[in-house]
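Asks: Please find one structure pasted underneath; my questions will follow.
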Amino acid sequence: MSRPLGLPFDPIERAGETWEQRFGPAAAMRAATSVFRVQQILLARFDAALRPHELTFARYEVLVLLTFSRTGELPLKVIGSRLMVHPTSVTNAIDRLVAAGYVERRPNPADGRGVLARITERGRAVVEEATAALTGLDFGLGDLAEGELDTLFDILRRVRLAAGDVAEAPSPARATPPADRRSAVG
């Protein structure tokens, strides 16, 4: 678990100063290192909020994905693709979710070798509780205003676009002005 460092200085800023002296401009290094540190902080917060529900953030993501599907089930291969994780990680997450009674496995009738994961009623209930816990802490970003969150998303999305991670076209919800987004999504 990531703990507050409790230092009287920012180690990333300090490293940036040293970097500039030894290697040159440090803006990219400071930004990238900050992204890594924020990821550690957020995952620790998520896992702490989800622990009472016997979930990690990775398993929570699987449940949310199954909840979002029309039928409540998806092939394991699709889960891995959508969550951008290795098939072994999907299998491990599904194993834990099955053991907890949140998900059931069944053969995929459309693919004789494939497996479907289906969310159970117990899984649906726990995803509601877990989502309330995460939204209650504003996904760990409660110190930022909505406009700042939109800006942060846009900046990080540009990094993802440049890496070929996602398609160029914005989602319909993002194409709608922020004031109108609630009615467009709900």
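Computed from the coordinates by the stated procedures, all read-outs in this text should not be read as laboratory data. Note that this is a predicted model, so its numbers are computed, not measured. Cβ coordinates were reconstructed from backbone atoms using ideal geometry, including for glycine residues, and neighbour counts include every protein chain displayed.
Asks: Once you've got the GNM for the chain with C-alpha springs shorter than 10 Å, pick whichever of Leu74, Leu137, Leu149 has the biggest mean-square fluctuation.
Replies: Leu149
Asks: Next up: For Asn108, list long-range residues whose amide hydrogen, built 1.01 Å from N in the peptide plane, is under 5 Å from its own amide hydrogen.
Replies: Counting only residues 5 or more places away or on other chains, the set is Gly114, Val115, Leu116.
Asks: Please work out the C-alpha center-to-center distance from region 87-144 to region 30-45 and express it in whole Å.
Replies: 24
Asks: Here are several values of Rg and Dmax of the Cα atoms in Å: (1) 20.2, 68; (2) 23.0, 76; (3) 19.6, 62. Which one was derived from the coordinates shown?
Replies: (3)
Asks: Oh, and also: Within region 4-23, whose backbone N sits under 13 Å from a point 7 Å along Cα→Cβ of Met29?
Replies: Hits in region 4-23 for Met29 at 13 Å: 12-23.
Asks: Which one, Gly101, Gly16, Gly136, has the greatest fluctuation when you compute a Gaussian network model over the chain with C-alpha springs under 10 angstrom?
Replies: Looking only at Gly101, Gly16, Gly136, the biggest GNM fluctuation is shown by Gly16.
Asks: Oh, and also: Tell me, what HN-Hα J-couplings in whole Hz come from the Karplus equation 6.51 cos²θ - 1.76 cosθ + 1.60 at θ = phi - 60° for each residue of region 67-83, using x for Gly and Pro?
Replies: Each residue of region 67-83 in turn: 5, 6, 6, 4, 9, x, 9, 8, x, 4, 4, 5, 4, x, 5, 5, 8 Hz.
Asks: Which value, in debye to the nearest 20, gives the size of the charge dipole of the chain about its Cα centre, when Lys and Arg are +1 and Asp and Glu are -1 at the Cβ?
Replies: Numbers: 24 positive and 23 negative charges, 129 e Å.
It works out to roughly 620 debye.
Asks: Do the sum for the chain: with -39,500 (n - 2.57) for every DSSP H run of n ≥ 4, divided by all residues, what is the mean residue ellipticity at 222 nm, to the nearest 500 deg cm²/dmol?
Replies: My calculation for the chain gives -18500 deg cm²/dmol from helical runs alone.
Asks: A further question on this structure: In the chain, which longest range has no chymotrypsin sites (Phe, Trp or Tyr not before Pro) that are both DSSP loop (not H, G, I, E or B) and surrounded by at most 14 other Cβ atoms within 10 Å?
Replies: Answer - 24-186.
Asks: So how much slack lies between Phe153 and Glu54, counting 0.36 nm per residue of separation and subtracting their Cα-Cα distance, in nm?
Replies: Working: separation 99, 0.36 × 99 = 35.64 nm, distance 2.88 nm.
32.8 nm is the gain from fully extending Phe153 to Glu54.
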